[in-house]
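The values are calculated or read from the model by the stated rules, or taken from the named source; none is laboratory data. Given the structure is predicted, the values throughout are model-derived calculations rather than measurements. Neighbour counts run over all protein chains shown; Cβ positions are idealised from the backbone, glycine included. Ligands, DNA and RNA are stripped out before the accessible areas are found, and what is left, the full protein with its side chains, is counted by its heavy atoms. Shrake-Rupley method; radii C 1.70, N 1.55, O 1.52, S 1.80 Å.
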Amino acid sequence: MMIDDKPYRQVGEPVPGKIVCVADHASNYVPEDIPLGIPDRLLDTHIAVDIGVNGMAERLARRHAIPAHIATVSRLVVDLHRTEDDPAAIPMTSDGHTIPGNIGADREMRLNRFHRPYHEALAKWLDAARPELIVALHTFTPDLESKEEERPWEVGLLYNRDDSAARHAIRLFGEEGLTVGDNQPYSGKQLNATMDRHAEAHGRRYLTIEIRQDLVQTEADQSRWAALVADIANRTALALKGG
């Protein structure tokens, strides 16, 4: 749920020069005045929210000293991980499901109410934090409804031009015995909007981490993965300092 009508919340206080977390798809909240016209059951699926991300981001902030900027509105209302001019920022379909309430939606209203405040606040937060590393946290479904596609990876690292941090994390996750995807299950060269804007454009190092959703459905699993992500992020930051 949105607090004070803000499309984000910030947990923990950044320490300048340390690690922070960004979670664009952490919520399935849909304001009452924005009817999407879909069955309620779909709000608990991957088309509305990155399952497990909210719990992991909370734990990173509260238990592992990695403060988090967390979205509080569903990606079906506005996808904060898209550029403003991307038609999919207000998706009319998702994984084979039509979103009737988004057909002919007031695009400027949604951008002004949700997308712009989220990114303006994130920009100020990062400017103040001057982070050594940003962890952009996402999860992905193991099974798409709209097409058959094998998704064997347990975790993926996405990047666009700057793969400096991702290369370390790919190696480190692999050393944990995990099946790691390099720019999988999709490529950050096609979809990297938030990190393009807030990391690459400012020369900030980042890890965009995608975890398979069936691995983080319970609180215990989210705790384990938050601890692992924190460890990998800290080791990546250390490796980057060493050149």
(Q) For the stretch 180-192, check the following and say yes or no: at least one residue is at pLDDT below 90, out of contact with any Lys or Arg (no Cβ under 8 Å at 6 or more places or on another chain), buried (at least 22 other Cβ atoms within 10 Å of the Cβ) and not in a strand (DSSP E or B). (A) yes
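Taking the residues in the stretch 145-167 that are open to solvent by less than 40 Å² (accessible area, probe 1.4 Å) and not in a strand (DSSP E or B) as candidates, determine which candidate is modelled with the lowest pLDDT. Give the derivation first.
Kept after step one, since they are open to solvent by less than 40 Å² (accessible area, probe 1.4 Å), are these residues of the stretch 145-167: 151, 155-160, 164-166.
Right, trim to not in a strand (DSSP E or B) and you get 151, 159-160, 164-166.
Working: 151: 83, 159: 97, 160: 97, 164: 97, 165: 98, 166: 98.
So, considering only residues that are open to solvent by less than 40 Å² (accessible area, probe 1.4 Å) and not in a strand (DSSP E or B), the one modelled with the lowest pLDDT is 151.
Can you tell me which of 208, 236 is within 14 Å of the chain's Cα centre (by Cα) and either β-branched (Val, Ile, Thr) or within 12 Å of residue 158 (Cβ to Cβ) (or both)? Give the steps one after another, and end with the answer.
On the way: 236 fails: within 14 Å of the chain's Cα centre (by Cα).
Result: 208 is the single residue among 208, 236 that is within 14 Å of the chain's Cα centre (by Cα) and either β-branched (Val, Ile, Thr) or within 12 Å of residue 158 (Cβ to Cβ) (or both).
Condition first: within 21 Å of the chain's Cα centre (by Cα) and assigned to a loop (DSSP other than H, G, I, E, B). Now tell me which residues in the stretch 1-14 satisfy that. Can you show your working first?
Pass one, the stretch 1-14, residues within 21 Å of the chain's Cα centre (by Cα): 1-3, 5-14.
Listed by number, the residues that qualify are 1, 2, 5, 7, 12, 13, 14.
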Q.
So if I check each of 173, 140, which one is among the aromatic types (Phe, Trp, Tyr), touching a Lys or Arg at 6+ places or on another chain (Cβ under 7 Å) and open to solvent by less than 30 Å² (accessible area, probe 1.4 Å)?
A. 140
Q: Kindly indicate whether residue 179 is touching a helix residue (DSSP H, G or I) at 6+ places or on another chain (Cβ under 7 Å) and of a type in the set (S, T, N, Q).
A: no
**Q.** Number of the exception - residue 128 against (1) open to solvent by less than 10 Å² (accessible area, probe 1.4 Å); (2) more than 18 Å from the chain's Cα centre (by Cα); (3) small (Gly, Ala, Ser)
**A.** (1)
(Q) Against the conditions (1) small (Gly, Ala, Ser); (2) modelled with pLDDT of 95 or more; (3) on the phi < 0 side of the Ramachandran plot; (4) not in a helix (DSSP H, G or I), where does residue 177 fall short? Just the number, please. (A) (3)
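Tell me whether the stretch 17-40 contains one or more residues that are assigned to a helix (DSSP H, G or I), at pLDDT below 95 and either in contact with a strand residue (DSSP E or B) (Cβ under 8 Å, 6 or more places away or on another chain) or more than 17 Å from residue 206 (Cα to Cα) (or both).
So far as the stretch 17-40 goes, yes, one or more of its residues are assigned to a helix (DSSP H, G or I), at pLDDT below 95 and either in contact with a strand residue (DSSP E or B) (Cβ under 8 Å, 6 or more places away or on another chain) or more than 17 Å from residue 206 (Cα to Cα) (or both).
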Q: Identify, by number, the condition in (1) surrounded by fewer than 20 Cβ atoms within 10 Å (Cβ to Cβ); (2) in contact (Cβ under 8 Å) with a residue 24 or more places away in the chain; (3) touching a helix residue (DSSP H, G or I) at 6+ places or on another chain (Cβ under 9 Å) that residue 93 doesn't meet.
A: (2)
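Can you tell me which residue in the stretch 18-63 is farthest from residue 76 (Cα to Cα), limited to those that are among the small types (Gly, Ala, Ser) and open to solvent by less than 30 Å² (accessible area, probe 1.4 Å)? Outline the logic, then answer.
So in the stretch 18-63, the residues among the small types (Gly, Ala, Ser) come out as 23, 26-27, 37, 48, 52, 55, 57, 61.
Among the residues that remain, those that are also open to solvent by less than 30 Å² (accessible area, probe 1.4 Å) are: 23, 26-27, 48, 52, 55, 57, 61.
Details: 23: 15, 26: 12, 27: 10, 48: 6, 52: 17, 55: 20, 57: 20, 61: 25 Å.
The residue in question is 61.
Out of the residues in the stretch 83-135 that are assigned to a strand (DSSP E or B) and not hydroxyl-bearing (Ser, Thr, Tyr), state the one that is farthest from residue 197 (Cα to Cα). It would help to see each step written out before you state the result.
Kept after step one, since they are assigned to a strand (DSSP E or B), are these residues of the stretch 83-135: 93-94, 97-98, 133-135.
Narrowing further to those that are not hydroxyl-bearing (Ser, Thr, Tyr): 97, 133-135.
Values: 97: 29, 133: 15, 134: 12, 135: 14 Å.
Applying the filter and picking the extreme gives 97.
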**Q.** Every residue from the stretch 193-229 that is part of a helix (DSSP H, G or I), open to solvent by 20 Å² or more (accessible area, probe 1.4 Å) and of a type in the set (Ser, Thr, Tyr)
**A.** 223
